[in-house]
1. Which ones in region 99-126 are on the phi < 0 side of the Ramachandran plot and without any contact (Cβ under 8 Å) to a residue 24 or more places away in the chain?
2. Please go through region 50-80 and pick out each residue that is among the hydrophobic types (A, V, I, L, M, F, W, C) and assigned to a helix (DSSP H, G or I).
3. Scanning region 104-113 for residues that are in contact with a Ser or Thr (Cβ under 9 Å, 6 or more places away or on another chain) and away from the ligand (no atom under 11 Å from the Cβ), which turns out nearest to Gly32 (Cα to Cα)?
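What follows draws every value from the coordinates through simple rules; no lab data is involved. None of these values were measured; they are calculated from a predicted model. Methodologically, a virtual Cβ is constructed for each residue, glycine included, from the backbone with ideal geometry; neighbour enumeration extends over all protein chains shown.
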Amino acid sequence: MQLTDDSQHYDLVVIGAGPAGTSAAIRAAELGARVAVVEASRTGGTCVNTGCVPTRVLAKTARIVREVRLAHEYGIAISAPEVQWDATVTRVRATVDKVRSLKDEAGRFAASGVELILEGRARFVDANTLTLDSGKQITAESMIIAVGGHSRRLPMLLARMRSRSCSLSPPRWLPASTFPLSPE
Ligand SMILES: Cc1cc2nc3c(=O)[nH]c(=O)nc-3n(C[C@H](O)[C@H](O)[C@H](O)COP(=O)(O)OP(=O)(O)OC[C@H]3O[C@@H](n4cnc5c(N)ncnc54)[C@H](O)[C@@H]3O)c2cc1C
């Protein structure tokens, strides 16, 4: 273990402030541990920032488009819907912000005595030492790795994507997920 000053030594450091890391850190603090959470991006993790919450807004957008397109089958005369992508993105961001402020992970960490460290990605120096993007080093008796999962890019798909031009224009389709969560 590399030496750091006592203020940066914890009983437990949790890497990642998604739902898993947040629960683990708060529970450990409730049990009396001195705990820090290291988050490279935004508290709330994938679910709030880029997963469940934004996809629910997009899924609702898709459902409304479909309903409007089918309205004539029920005797409702209505012109074809046009998705105004900027407004949709604004709605996605507003909903994410609303859920973030309701969940208030930073406030819950503070109330539980968990130190939240937002200084970039954590990397292991050894089993008890982390170095952060900021250059800071912290040590702990135990670490919990709660960094979520990532999809693997398959080489053949990458090659196919490279052969096509990329565009930032709105997608021609919107996801319709079967997940139960529904903030919209
Ligand atoms: C598009 C999409 C839609 C989804 N919809 C749903 C849904 O409707 N319902 C549902 O139950 N689940 C849904 N999920 C799954 C859900 O988001 C995950 O199950 C959940 O977020 C996992 O939580 P976690 O805490 O394990 O990881 P994450 O939420 O991924 O959190 C990991 C955190 O670790 C941080 N991190 C990573 N590496 C480091 C590092 N080296 N140093 C510091 N920090 C680091 C990341 O920035 C991130 O904040 C969805 C996922 C996706 C992608």
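1. So in region 99-126, the residues on the phi < 0 side of the Ramachandran plot come out as 99-103, 105-112, 114-119, 121-126.
Those that are on the phi < 0 side of the Ramachandran plot and without any contact (Cβ under 8 Å) to a residue 24 or more places away in the chain: Ser101, Leu102, Gly107, Ala110, Ala111, Arg123, Phe124.
2. Cys52, Val53, Val57, Leu58, Ala59, Ala62, Ile64, Val65, Val68, Leu70, Ala71
3. This residue is Phe109.
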